[in-house]
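Read the structure below first, then the notes.
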Amino acid sequence: MSIWNKNVNKKEIKKLDRDKEVDILIIGAGITGMTTAYYLKDKNICVVDANEVGHGVTLNTTAKINYFQERIYTKISNITNKENAIRYLKSQIYAIKNLKEIIEIENIDCDFKRVESFVFANTEKEIEPLDREVDFLLENGIDVKEKKLPNKITSYKSYSVKDTYIFNPIKYLYGIYNILNDINIYENIKIIKIKKQDNYYICYGENYHIKAKKVVLACHYPYFIIPFLLPIKSHIEKSYIVVSKVKKDGKFTCISSNNPTYSCRFYQDNNNIYQISLAESHNTSIKQNDLYHFKRVKQIFNLKEKDIVNCYSNVDIMTPDHMPYIGKIKNNMYIGCGYNTWGMTNGVLAAKVISDMILNRKNE
């Protein structure tokens, strides 16, 4: 059970009971799909999800809204070029700005708050690569400062930025759902195939189909789109999360600069303060030993069994060049996936870029 399920009232969402025809079908009701629906709310749209709203990868995220992402910019620079790294940095800042605007304009109660975020070297050999990442950020106008990590994780060097955020993603999605109340949103509708027919796509569920002029693939792993061939363009990474009660809100987030990933943040509800600790990320093709990995998370963060309230895992789609797949993949079909563990920013980015494409608006 994810921490984001605590103290959140489940919305009663209608079931699809017949075939439908719409202008735009959004497949996936997580951060990408629901935010896309928000941007397209004045159009004839429909949203479906194989599970419940927000109960895919969004449910198990640590929900950091952050552009200081390990060493992603030097990795992008090395694999592609520096210009792409600069564009990716701008895109993450742009996504944060857009998410902040939605939350503030719509007055969504989702525990959204600004926090300081750290990236740290957890081995000696990571110091120099982390320094290069910081140099890149400084060159591009980011106010990064060297500062001691405020917890007891082993750190050889750490840097921080202050203009980053955290929130409760399920509260955010239910806030969006309340805004979209009159829009057709359906749960437990798994799209198993899509066929082109004249100027439409016929999207088949197990019992009913939806006919749409445009389709947005906002699902986590759209394996069924054969021309896109996602399984050979990515790999799946699994992470282990342990939530424990603490006495004080640290008011920061942190993450190690490279694998093995160590990450934590804090969350406060009406009753308690929690530390959300993540570690032991690995490619799912190796190291399948969940009990061992959860034990390691507890050891790394020195967590006591009596304080632990939740343990769960998450999976992320990792791309070869560390950049997300966002945009048009064929005529009137769009995709947002492959977020490399940074789904809160990239999900909002995908929603804005794709909705602007559909609305024929310019987007940098």
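Remarks
- Counting only protein heavy atoms and using a 1.4 Å probe, the accessible area of K41 comes to about 80 Å².
- Rolling a 1.4 Å probe across the protein heavy atoms gives the chain an accessible surface of 46 Å² per residue.
- Cα shape, the stretch 58-101, gyration tensor, a/c 1.5 rule: oblate
- Per-residue [θ]222 nm for the chain (sum of -39500 (n - 2.57) over DSSP H runs n ≥ 4, rounded to 500): -8000 deg cm²/dmol
- For the stretch 176-260, the square roots of the Cα gyration tensor eigenvalues, ordered a ≥ b ≥ c, give a/c of at least 1.5 with a/b no greater than b/c, which places it in the oblate category.
- For the listed peptides 272-285, 140-153, 76-89, a ranking on the average number of other beta carbons within 10 Å per residue, highest first, reads 272-285, 76-89, 140-153.
- From largest to smallest, the equivalent ellipsoid semi-axes obtained for the chain from the alpha-carbon gyration tensor read 34, 23, 19 Å.
- Binned Cα-Cα distance frequencies in the stretch 80-144 - 5 Å width, integer %: 3, 12, 17, 20, 18, 13, 9, 5, 1, 0
- Ranked packing of 288-298, 256-266, most packed first, by mean Cβ within 10 Å: 256-266, 288-298
- Dimensionless Rg ratio for the stretch 206-310, taking C-alpha atoms and the 2.2 N^0.38 Å reference: 1.46
- Percent accessible area from carbon and sulfur atoms, the stretch 275-364, protein chains only, probe 1.4 Å: 48 percent
- Neighbours of K328 by Cβ distance under 13 Å: Lys/Arg scored +1, Asp/Glu scored -1, total +1.
- Of the whole protein surface, H55 contributes about 40 Å² of accessible area at a 1.4 Å probe radius.
- Helices that extend 30 Å or more along their long axis by alpha-carbon positions and average at least -1.0 on the Kyte-Doolittle scale are, among the DSSP H runs of the chain, 82-105.
- For the stretch 123-245, pairs of C-alpha atoms spaced more than 23 angstrom apart make up 64 percent of the total.
- Share, in percent, of DSSP beta bridges within the chain that are antiparallel, nearest 5: 70 percent
- Rounded percent of accessible protein surface that carbon and sulfur make up, the stretch 26-101, 1.4 Å probe: 46 percent
- Taking the square roots of five times each eigenvalue of the Cα gyration tensor of the stretch 1-138, the equivalent ellipsoid has semi-axes of 35, 19, 15 Å, listed largest first.
The values are calculated or read from the model by the stated rules, or taken from the named source; none is laboratory data. Nothing here was measured: the structure is a model prediction, and the numbers come from that model. Methodologically, a virtual Cβ is constructed for each residue, glycine included, from the backbone with ideal geometry; neighbour enumeration extends over all protein chains shown. With ligands, DNA and RNA removed, areas are computed over all heavy atoms of the protein, side chains included. Shrake-Rupley method; radii C 1.70, N 1.55, O 1.52, S 1.80 Å.
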